[in-house]
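Report on the following structure.
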Amino acid sequence: MKISTPRNFIYFNLLFLGLIIPSFNPAISEIIISNNSLSNNLKKSYFKENLKFNYFINNYSQNKVSGDSPHLVLNEVLDQSRNLEIQSDKQFQEQNVIYAEGNVIVTYRGNILKADKLIYDKLNETVNANGNIKLILENQIFSLDKLNYDFKNQKGSFVNVKGSIKTKNLVNNLDLKSNEFQQIPSALQKLNKKKVLYTPDGINNWIFYTKELKVNQNQWTSKKAIFTNDLLETNQIKFEINSLKIIPKDGKLKLKSSLSYLIFEDKIPIPFWFGNRTLTNTKDGYLLDFSSRWYLGLDKVDRDGYFVGRKFKPLNLFNDFILNLEPQFLIQRSIQGYTKSFVNKGDSITSDKVRRDASLSDYFSLKSELKGEVNDWDLKIDKNLYSFDFDKYSDALRLKVDLSKEIDFLGSKWKKSFFGVYRDRIWNGSIGESEIYFGYGSKFEKVNTWEENGIQKTEKFSAGIGKFKGEGLNNKKLVSNYKGSIYYSLNQRIPLFVEEPANKFVDRSFNYIFEPVKRGIHIDTKLEALYSIYQDGNHQEHIGFGAGPVFVFGEFKKRYFDYTKISFMPFYRLKSGDSIFKFDQVSDKFTLDIALDQQLYGPILIRSNATLNLDGNSKDYGDFINSKISLSWKKRSYELGIFYQPHNQSGGINISLYGFE
């Protein structure tokens, strides 16, 4: 099972930790210790007319926390400036205890706590608050029923916590020098939202709940924590994390938990093992991935059918070189006791695959990825091993290496890369499966997307040169040759009759979709050109062009047949010359791309797309040469589906989550 999530998110406790614990985030502690001019601005602006009493506490305790325990920001700041401001309708002091009631506002180094009642014991250094408590850090807002904290013993609890977390640019939000407190009234609005806006760049906002969050000596625990990306809180999907423990240490957050659940519609729980994970600080803060480490897949070509995989947590080898490992158990191969994924021992890799007996070492495969940076270049190495049988090693191994860098050229951003491949499989239309046995070279490419007069445009340009060894065009022998190529394409979507939604917000009436449907008719156009030349003088070139309609009907709000999207794209190529390889031969001069999305009933959506060969000179005339079909359970905040690709006999299960603000 795969959870697709365009962006990872920051765990909710970071905000509490940012108030109290600096050891795991130097940026936060540095910001909190900065000047306090903004709390003065707050006093003078938004809350000025409501203030009846002010009480400033400075140097309120002579009891020091040991200097060798730097974990609590509050303790550290108390020793330095001890600036705490309590404002309320009623306020009095008995001995060393301050009592505040009615619209209580506590500002501490720019952080704001609102409550109905608050008791602060200066001598024992404890604070207790209850009643409509809100904790505010600019765009981050938390509500809770009760707060207790003992600064001396570093113990406390937060009761019935509910939070709305905006994960993007959290560190910038904590920069008190740039905050403007006129934003505070909007932050005080209810957490419950009436309408939301889809965020295509990923999930940046989450709602979380927990009955009690405890802190003890720099460790944070909760028996059960609930997370959801459904900001309208309709229980479409949520993550239930049990026995959660958070330990900040050495600039990292260590998370531990027991068996957890992914719950659909508050009725269907799917267990998954969240396990032990370590979060490191990034430019976007502490990032957490809820993706299940276990998944089920289907691959009849290399794995003989169904298999189950397990993603290990990333290993930081050295200098931020990250190794991802995914061992896989090949279920179908182990049950049937044989494999049809390899050629006969000693035969050429271009020979036909045969049935061979499978041993224990054939029941396992391994997918791995190594990523890192080398002198400002991004390095990525992908490796697949489809058997641990050493006799099959050269046939079972596939490898890709990419070294790339973004550069400025002719006033725009380009990607420069060097690549290497060993046994890279290519699907080439009606020619079918072909393979690059070995290759290396360099590419220079640019992709540009923009909108002009309502027309969406995507332009791509690439140029490359390399040496390749692969299956010959007209035989199964391996041939080797240098190749250079230049490619250009321009895709456009032109609106003809389009009914624009009144706005892009959705409310609870949008149960099945994350944004309003843009109904109407578009025309898609595509123009492409390719020129390739080979060392032996061979060359091939083509110009291709196509145009076709896209029809969108319905709103996807009613129970059945309220959404249809269908498109047709005929595409014709004017071609001359031939490649010496099978993998890059331009074939299928005339094709028709067909795609259909259809709501059947409620959230049930069927999707299909295929390419029909209409080349009268092809032996595959009238056949579908590429195809995919999927059946999905589609809701506003998530989509769960299964898919199958007949052309390469692969499929799987897919879960997608959608983000809102």
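Overview of values
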item	result
Looking only at the range 300-350, and only at residues there that are open to solvent by less than 60 Å² (accessible area, probe 1.4 Å) and among the β-branched types (Val, Ile, Thr), the one that is farthest from ARG425 (Cα to Cα)	ILE322
Some residue of the range 379-390 being closer than 23 Å to ILE486 by Cα and either touching a helix residue (DSSP H, G or I) at 6+ places or on another chain (Cβ under 6 Å) or loosely packed, with under 15 Cβ neighbours inside 10 Å (or both)	no
Some residue of the range 186-199 being modelled with pLDDT under 85, in a loop (DSSP other than H, G, I, E, B), under 21 Å from ASN111 (Cβ atoms) and not hydrophobic (A, V, I, L, M, F, W, C)	yes
Residue in the range 629-642 that is open to solvent by less than 50 Å² (accessible area, probe 1.4 Å) and under 15 Å from TYR572 (Cα atoms) present	no
Identity of the residue in the range 351-374, of a type outside the set (Asp, Glu) and assigned to a helix (DSSP H, G or I), that ends up most open to solvent (accessible area, probe 1.4 Å)	LEU360
Filter result (within 20 Å of ARG493 (Cα to Cα) and in contact with a Ser or Thr (Cβ under 6 Å, 6 or more places away or on another chain)) within the range 425-461	THR449, THR458, LYS460
Filtered residues of the range 415-468 (kept if within 30 Å of HIS522 (Cα to Cα) and either in contact (Cβ under 8 Å) with a residue 40 or more places away in the chain or of a type in the set (A, V, I, L, M, F, W, C) (or both))	TRP427, ASN428, GLY429, SER430, VAL447, TRP450, GLY454, ILE455, PHE461
Conditions (1) more than 22 Å from GLU555 (Cα to Cα); (2) not small (Gly, Ala, Ser); (3) not in a strand (DSSP E or B); number of the one not met by ARG636	(1)
For ILE486: the one exception among (1) closer than 30 Å to THR350 by Cβ; (2) modelled with pLDDT of 95 or more; (3) open to solvent by less than 40 Å² (accessible area, probe 1.4 Å)	(3)
Only listed residue being in a strand (DSSP E or B), buried (at least 16 other Cβ atoms within 10 Å of the Cβ) and at pLDDT below 95, chosen from GLU541, GLU528, GLU471, GLU451	GLU471
Single residue of the range 85-98 satisfying the filter (surrounded by 16 or more Cβ atoms within 10 Å (Cβ to Cβ) and out of contact with any Ser or Thr (no Cβ under 8 Å at 6 or more places or on another chain)) that is modelled with the lowest pLDDT	ILE86
Condition met for ASP357 (at pLDDT below 95, of a type in the set (Asp, Glu) and out of contact with any Pro (no Cβ under 6 Å at 6 or more places or on another chain))	yes
Pair list, Cβ < 6 Å and 6+ apart or interchain, from the range 118-137 residues that are within 16 Å of ASN153 (Cβ to Cβ) to residues that are assigned to a strand (DSSP E or B) and among the charged types (D, E, K, R)	THR126/ASP150
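The values are calculated or read from the model by the stated rules, or taken from the named source; none is laboratory data. All values reported here derive from a predicted model rather than from experimental measurement. Using ideal geometry, Cβ is built from the backbone for each residue, glycine included, and neighbour counts are taken over all protein chains shown. Ligands, DNA and RNA are stripped out before the accessible areas are found, and what is left, the full protein with its side chains, is counted by its heavy atoms. Shrake-Rupley method; radii C 1.70, N 1.55, O 1.52, S 1.80 Å.
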